[in-house]
Structures are given as structure tokens and as C-alpha cells.
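The values are calculated or read from the model by the stated rules, or taken from the named source; none is laboratory data. Owing to the predicted nature of the structure, the values given are computational and were not obtained by experimental measurement. Reconstructed Cβ throughout: ideal geometry from the backbone, glycine too, with neighbour counts over all protein chains shown.
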Amino acid sequence: MPMRARRSDAGAPVGEEFGEGIVPAIISIESLAKSFDDGFQALKGVDLEISEGEILALLGPNGAGKTTLISIICGLVTPSAGRVTVAGHDIIADFRAARSLIGLVPQEITLEPFEKVINTVQFSRGLFGRPRNDAVIERILRSLSLWDRRNSRNRELSGGMKRRVLIAKALSHEPRVLFLDEPTAGVDVTLRREMWTVVRDLRASGVTVILTTHYIEEAEEMADRIAVIDHGKLLLVEQTAQLMRQLGRKELVLDLAVPMDAVPAGLSDYKLQLSADGMQLLYEFDGHSDRPGLAPLLADIAAAGLDLRDLSTRQSSLEEVFLTLVRDGGDAADRTGVAQ
Ligand SMILES: Nc1ncnc2c1ncn2[C@@H]1O[C@H](COP(=O)(O)OP(=O)(O)OP(=O)(O)O)[C@@H](O)[C@H]1O
Ligand SMILES: [Mg+2]
């Protein structure tokens, strides 16, 4: 049931389609700005709506403002201007209600070294004023493959396990939204994939996940939507699938043995582009279902008597677009024609 949602002024989709029907925004960020005491502007007016049940990846270079944004939503940093609500609760006026709905896995690993895993997680739940519930804690620890290590002291765990304890802590009070600030930084490939499974399972259980990452393939793999932030501004917010469709344009490059002045009439169906020096023909063959495939093109090229020296294909990637965006700032976002 395709339903394109209305867009906010910032162009961020509101109430996107996830599974069946339109899902309301669980987090609403309006004109959010932050200047630190030294006058540094870490956020310069961010507008973003996050739908319940989605996985949103926040991409951006070091110092872009990702942690600052998350810290404001979690009540650790006071905004200078703007407004954030979590399930309708203002994060300042209604702090406790807003905070109780959020779990935060911080960028830095901070655990009491001599505390046992199970006590760490139980204590965290208590901090949120939730009554003790052994069944919930067991379910969380099992879901993160930590149950067998519940009586280990935190300092005895590997780095990957410590990260999972941080997630267990963040989930201990059964939040509806989980923030993961670089959950896979410095984590090996196997553990990273394990973390992806954890995040997907969380989403399947109805938790909204916002994660920051420096790994573009992670965003591509995990996220329903990708937001790119740099210098305190959102440069792009787009459905991952949509972004990949836009980027997934493939080009076939045909190097000609003999230069030509014009594309032969017999090849006009393909809308080929001839390079300025007449030595290359370019054929965009992806995302254009109205165009014929490669096999008929090559057959028609042979029929037209063209002599090819070489052929290759190329595809733009999310990484290229990301690099262009953060190099050129907001201008590049305008050029891609996607929301900013
Ligand atoms: N307490 C503070 N006082 C002054 N400047 C700060 C403070 N906290 C963060 N900043 C600055 O704000 C900017 C954004 O920092 P932030 O931690 O949000 O970036 P980030 O996108 O999370 O980067 P990274 O990918 O390195 O984690 C940086 O230039 C940082 O130096
Ligand atoms: Mg950070």
C-alpha cells in the first residue's frame, strides 16, 4: 500500500510507511540549535521527524553534531533554541516522561568494572524508577547473548560484550526509543554483524532505533532512513531504498576503436550519449525499465558494425554521494534533489 507521507518544512518525511499504514512520529525535532559556552555552534537549526518503529542512521564526519543531537534528546545537553518532543512529551517541560521512553547507549564505554553484569542492568532499571522485574532482565540478557555471563564482572568481558551490556542497560527500563551512538566503532566484522541482528530484533519488537555510524555500508544495510549531518546542519534525510534507487544508476561505457561524429541511427532507442571526443558511448541501463537491456544493445552494436576496443560499467555509490555532500555542504544536497 504505497503511501507517500506529507513532508515537514524541512523536507523530512513524516509518518512514513512501515509495513502497513502510516506510522506517527515518535520524535519530533524543530529548529534545534546548540551553542556551547565557548560560542561554538554545534547545531544550527535541525528539523527532523522520526517515525515509530523505524531504524534511522545518522551519518556525519567527526564533529558534525551527532552526539550533541542525541545528548539533547536524552536530556544530557541543554538546547540553545528549538523544541524536541518524545511521544508528545517536551524534553524540557516534561523531562521525566520523555526520558523514561528513551534508552541511550553512549559512544564511550562506561561501566563499573567490579559490578556483575546482571546487577549493572538491574540497577539501571531501578534508576528509572521501574519496579524490579527479573523476567524482563532475563529476556534482555538472553536477547543479547549475555545470560551465560550474567555473573561475570564487567571488567572480565571483551569489548564487544561490554557494548552489549551497555545496550542491556539502555533497554532495562523497556524504552520505546533506543539511541545507539556508534555501536560498532572499533568492533570486528563478526561482532558488527551480530550487532546488526540485535538492532533488527529490537526493531521487530517495536523499538525505534536511532544509530550513528561512520560505516556507510552499515547505514545502507540497517537503516530504513538515512540522515546526513555536517557542521550542525542536516544535509539529507531520505529513505534508504529511495536513496539507493537514485544512486543505483549504472552506466555502461563503450570505448570505440574508431571515433564517430554521431550515434548511428540504428541505436537511437538506447538514448546513448557520445563523449565530446567521439571515443566513448555511454549507456545508462539501471533504473530505466523502459530501456532495453545490455544483450540487445550489444547485438545492435554488432549489427551497426561498430568496433569496440573495451567496455566497462560503473555505478555511483552512497559513499561518493556522502563525500560530495560533506565536502560541498548544503549546496550538494540541493543538487541531489533530495530533502535536507
Ligand atoms: N561541551 C562542549 N563544549 C564545546 N564544544 C563542544 C562540546 N561538546 C561538543 N563540542 C563540539 O561540538 C561539535 C560537535 O560534537 P559532537 O560530539 O556532537 O560530534 P559528533 O558528530 O558526535 O562527532 P564524532 O563522530 O567524532 O563522535 C564538535 O566540534 C565538538 O568539539
Ligand atoms: Mg559522537
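Rundown of residues vs (1) away from ligand 1 (no atom under 16 Å from the Cβ); (2) among the hydrophobic types (A, V, I, L, M, F, W, C), yes/no style:
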| residue | (1), (2) |
| --- | --- |
| Ile73 | no, yes |
| Leu76 | no, yes |
| Val84 | no, yes |
| Ala98 | yes, yes |
| Pro113 | yes, no |
| Thr120 | yes, no |
| Arg142 | yes, no |
| Ser145 | yes, no |
Taking the stretch 123-171 and keeping residues under 18 Å from Leu202 (Cβ atoms) and either assigned by TED's automatic domain parsing to the domain that holds Arg192 or among the acidic types (Asp, Glu) (or both) leaves Glu138
Residue within the stretch 312-330 that is modelled with pLDDT of 90 or more and either out of contact with any Pro (no Cβ under 7 Å at 6 or more places or on another chain) or within 30 Å of His214 (Cα to Cα) (or both) present:
yes
Step by step: first the residues of the stretch 195-220, then only those that are surrounded by fewer than 17 Cβ atoms within 10 Å (Cβ to Cβ) and acidic (Asp, Glu), then the one that is nearest to Leu178 (Cα to Cα). Which residue is that?
Asp201
If the requirement is being surrounded by fewer than 15 Cβ atoms within 10 Å (Cβ to Cβ), free of Cβ contacts under 8 Å to residues at least 24 places away in the same chain and more than 16 Å from ligand 2 (Cβ to nearest atom), which of these qualifies: Ala97, Ala81?
Ala97
Of all residues making up the stretch 27-66, the number that are within 18 Å of Thr184 (Cα to Cα), outside any strand (DSSP E or B) and away from ligand 2 (no atom under 13 Å from the Cβ):
0
If you take the residues of the stretch 56-75 that are of a type in the set (Val, Ile, Thr) and surrounded by fewer than 23 Cβ atoms within 10 Å (Cβ to Cβ), which of them is farthest from the chain's Cα centre (by Cα)?
Thr68
